[in-house]
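Please read the structure below before turning to the comments.
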Amino acid sequence: MSSNDDMTIDRFADMLAAYGGSAARWPAEERTRAERLLHRSSDARALLEEESRLDRMLDLMGRPAPAGETLHAQILDIAFGHPAAAYARAASSGEGLWGRLKAAWDNSGMLRPAGAALAASLMLGVVFGGMVGPASADPDPVDIMELALLDLTFTGY
Amino acid sequence: MVSDDRKSRSGNGTADPDLPLVRRIAEGDAAAFSTLVDRHLDRVVRLAERLMASRADAEDVAQEVFVRVWRHARNWKSGNARYSTWLHRVAVNLCQDRLRKRREVDLDAVAEMPTEEPGAEQLMNRKTVARRVAEALSELPERQRIAITLCHFEGMGNKEAAEVMDVSVEALESLLARGRRTLKAMLADEKSHLMGEDR
């Protein structure tokens, strides 16, 4: 006996075609109805077996290796190596202006000039944008363009 | 900004576990950043490697994704989606950019992915099929390949995968169905091979 809540064989075939033969990949709201259909329909079971073959082939692809600590460390080095980022971290650690400038300078990759005054003035230029807030990670103009292209926000949802 | 508590809940009504970290990252908290990287790095690398069939490119993409996280945490605006969804969308976009730049995929890299294999003869058989599957996947239209990677390999639910791809669930299902149909046609020979092994 069927009811309006039963899944048709056509709907079952559509869902199989999209999500394959593993129930775990199906939308939760469809699983129970699909299971009921499978209990009473040999056609549905045949479709399931056919589609599951592709799943098994895909599963032969294996799983890429985990990322590893080296990559993790490289990412931190790159992120924290940016002068403005170093300035921001020093600021969040409670460093004074000189400490922040020194942190940024140490991460700038530039040689130390002979005069401290020159160093300070150069660093003011390097981290000028970073002085606005305690954690200045404001994007530079190029990054802003990249962000626009990447559609940074989800406000449209 | 990520200061609005209403927005710490994702579209499905559950709290987004990453938002407290993102707020701390926006304040320059290095430890929070390291924790976020630790939490998501494996999955981002895995996704990128599957999409680009290259470990080196996948690691480059992962670096770029997380450096953006660090540099732009203050600018991130939460909508209804989880932070991890945004992270995956950035990764997918970066992969697509790179794939557009190089049309030829290094199939050897895919075929060499480690698999859980039993012994000798079956191993040869499976490696052959796995290689053909990798080739067939690489020949799929890009968005079909992304849809299958997100849903089949990464186990994403249909709503999250649709958000990552910026399409409706119906469009995602269409991409999945077309991709799977094409794969079945391309892998018809291997299917009988595999069926023999199953018995």
Most to least packed among B:158-164, B:131-137, A:95-101 [average Cβ atoms within 10 Å]: B:158-164, B:131-137, A:95-101
Shielding by partners - mean other protein chain Cβ count within 10 Å, residues of B:39-48: 3
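Averaged over peptide B:140-151, how many Cβ atoms belonging to another chain are found within 10 Å of each residue's Cβ?
Per residue, the number of nearby Cβ atoms from other chains is 1 on average.
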Per residue value of the accessible surface for the stretch B:37-97 (all protein chains in place, 1.4 Å probe), Å²: 25 Å²
Evaluated over the stretch A:3-61, the Cα radius of gyration and Dmax, each in Å: 11.3, 41
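Let me check I've understood the local charge: for A:Thr8, count other residues with C-beta under 13 angstrom from its C-beta, Lys and Arg +1, Asp and Glu -1. What total comes out?
Counting the neighbours of A:Thr8, the net charge comes to -2.
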Where A meets B: accessible area buried, both sides, 1.4 Å probe, Å²: 5900 Å²
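The values are calculated or read from the model by the stated rules, or taken from the named source; none is laboratory data. Everything numeric in this text was worked out from a predicted model, so none of it was measured. All Cβ positions, glycine included, derive from the backbone under ideal geometry; neighbour counts span all protein chains shown. Each accessible area value is taken on the protein alone, full model and side chains, heavy atoms only, with ligands, DNA and RNA left out. Shrake-Rupley method; radii C 1.70, N 1.55, O 1.52, S 1.80 Å.
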